[in-house]
Amino acid sequence: MGKDRGRGRGGRRNFQSKPYNKNNWRDQKKEYAKHINGKPHSFTRNKQPQPKCTLRENQVGITEFTNPDLAGFTGVLKSRFSDFHVNEINTDGHVLQLNDLNVPKQEIQPVDAAQLEEWRKKLETIIDDGVWQQIADLSTAKYDAKIDQNVDVEVTSLDKEQRTQIHQLIKQLYNGKLISKTLDQQPQQSQGEQQQQVSSEGEVSEVKKLIRISKPKPGRSDNRWNFPAEYVNFLVHKMNVDTSEVAATIASRLNLRPSQVNYCGTKDKRAKTTQSFCIKRRTPEAIAQAARIMRNVYIGNFSFKPQTLKLGDLQGNRFRIALRHITQQQEQIELALQSLKERGFINYYGLQRFGNSASVPTYEIGIALLKRDYKLACELILKPRDNDVEFMRVIREAWWQNRDSAAAAAKFYNNKYIEKKLLDGLASFGESDYSAALRRIPRNMLLLYPHAYQSLIFNRIASRRIKQFGLQLIPGDLIYVEGEDNNIEQLAVTEEAATDAEETAEDEMEVDADSLMAEQESIYKRKVRPLTAEDIASDKYNLSDVVLPLPGYDITYPSNECGAWYEELLAEDGLSSEQLRHKEKTYALGGAYRKLLIKTDDLKWSFRRYSTPEDTLIASDWEQLKNIEVTPEPVESESKYRALLLEFTLPAAAYATMFLRELFKQDTSTAAQMLLEQEELLK
């Protein structure tokens, strides 16, 4: 109890959350007994551990603090993934929590018998007793695929309401034994006549309508949509799983594209998170069945909405975090917490934005794409790196040496990896058609690279702004125009939202892409205005009101020296704002805005003791639902360790790791945290 050892569905043992070790990557073990092209294939482990080169904060522009003079303290973040909990906050301000596992079923709503009889009498001129007898005989007949088992009723003279009454009668009287649908029947025409018959007066002959009543195949029934709205919303509670992996798996099981499984934003992989998903016209039962194959993923809280979820449709996220191995005095820690609550933290993009490799950070691939160097972009994606898991290392090295994309692609056991998709593209289009091969990667994944470059520029500008001017306002700083600051995330994810809108439009109808682009241009310039000296003197504004742009071709830059820094940094990489107006719209960056500083008014904290590194300190949604208690707090004489429990809310697109960095006054990268935990355990 309380140590993540409970069994999941069907008696499966849940994944054990242990102190983080990348070498224990959960998919790695699958590679050693896989069969490729009918032959066993295995990989050889390295005899000596390879030195890892992971990104550090200063490599992506994260260097400053809001209160650098106040000492930080030591605490281990994500010692176990159960130490990090994230619950999405919807646009209504409600914290989403998985607490209802009921799966709504498509049920036939009963109609009063007297009402049915009334409908039957009204329709007796269309369906007489003889036709009703044919329908009754069809309902009791055995299904035979070799013959047509239909009864057709002409309903041209009926309106939609009357046709609906016939469908209801069939549904109510035969309860799934028969199905019905309305069809348009073209008039019979002889060869050589036009598609539509025209009378001598020039009127088009009316297309006949009929209702076809049929015997369904065994296991099938009326597949009409009988739920309150078209879009099915549901909560996903996941543990140590990527949001995109959940979406891709559900999509695959429902024969959908991943872009047809919508969510508001990605959540941390190495955590326990709850967020909303949305799918159009797929039954809750089918969705639940699709999710059932995934380990450590639970769904529930089904609801029905008339509109789909879109990226950024949330107010923020609620975090509950346990920091282990706390050794400093409580008074010192509370001083740091109070300072953070009053001053806030710099709204940097966290390390998650830039991948996990210092040798090939994602922003370098973004630069290559923006400069139209598609060969370099492909090579960087496939380049061997020292922190690869074993099976990926072998595949990258094989491609790097032989440049045989088909052979390298064949070594993957599934299609979820970007590298696999790119290799398939190179194998299909030719080893030198890099631009076409890149299009095999889903657009939302491909955009991660240029967006990482935008994030790097933002981080570097933010650090320079704080270092040079501190927390003081200066004329020319940008703030939102009054009324526009209603959703920080809305503008912080402009590029992702535009991509999502374009994909939806492409799926549902043809649109004039140039008109769409023209409509979007200049909207974001009008979202902000510069601060004047009078604004600053009024004391109406502070630094938490200031926004910094993400670079783009259609954005307003600060009208002070900070504005010139953007072109300086872009020029260092051989780019300019105008060059971000890419010929390929997939890579074009219009720009966006992001708050420079974030304040957390609802920060709460508490301290507790624990006995072993495996103790569970925070109850997840699933544990609360199943009444699984956390590990009881031991008495002081029996406890070895102390933890700090934090609870706070951040707006969408803000990183909790950057919040914690302000407390620690030290690097929060995975490598630094692993080293810190090892040192604490040795003590």
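All of the numbers you see were taken from the coordinates with simple rules; none came from a lab. Note that the coordinates shown come from a computational prediction; the quantities given were computed from them, not determined experimentally. Please note: Cβ atoms are built from the backbone with ideal geometry, for glycine as well, and neighbour counts cover all protein chains shown.
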What pairs from Lys238/Lys595; Lys310/Lys416; Lys267/Lys595; Lys171/Lys208; Lys238/Lys640; Lys272/Lys595 go past 25 Å between their alpha carbons?
Lys238/Lys595; Lys238/Lys640; Lys272/Lys595
Ranking request for peptides 208-214, 409-415, 231-237: highest mean number of other beta-carbon atoms within 10 Å first, then the rest in descending order.
231-237, 208-214, 409-415
How high is the relative contact order of the range 530-672, in percent, counting Cα pairs under 8 Å that sit 6 or more residues apart?
22
Run the Debye formula on the Cα coordinates of the range 389-475, all scatterers equal and no solvent, and tell me log10 I(q)/I(0) at q = 0.13, 0.18 1/Å.
-0.57, -0.80
In nm, to one decimal, how far is the modelled label at Ala229 from the one at Gln307, with both set 7 Å along Cα→Cβ?
0.9
Projecting each Cα onto the charge dipole of the range 206-343 (Lys/Arg +1, Asp/Glu -1 at the beta carbon, about the Cα centre), which of Ile333, Trp225, Val207 comes out farthest on the positive side?
Val207
What FRET efficiency, computed as 1/(1 + (r/R0)^6) with R0 = 35 Å and r the Cβ-Cβ distance, is obtained for Glu584 and Arg56, rounded to the nearest 0.05?
0.60
Of the trypsin sites (Lys or Arg not before Pro) in the range 117-157, those whose Cβ has at most 12 other Cβ within 10 Å and which sit in DSSP loop:
Lys142, Lys146
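Please compute the length gained on full extension between Glu572 and Asp539, using 0.36 nm multiplied by the number of residues separating them and subtracting their Cα-Cα distance.
Working: separation 33, 0.36 × 33 = 11.88 nm, distance 3.71 nm.
That pair, Glu572 and Asp539, stretches by 8.2 nm at full extension.
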Based on C-alpha coordinates, I'd like the Rg and Dmax of the range 548-648, in Å.
24.6, 67
For the table Lys269/Lys383; Lys269/Lys305; Lys383/Lys421; Lys209/Lys280; Lys105/Lys142, the rows whose alpha-carbon distance is greater than 21 Å are Lys269/Lys383; Lys269/Lys305; Lys209/Lys280; Lys105/Lys142
Quickly work out the Ile418-to-Gln624 label distance, labels modelled 7 Å from Cα along the C-beta direction, and quote it in nm with one decimal.
3.4
Based on the mean of other Cβ atoms within 10 Å per residue, sort peptides 647-659, 623-635 so the most packed one is first.
647-659, 623-635
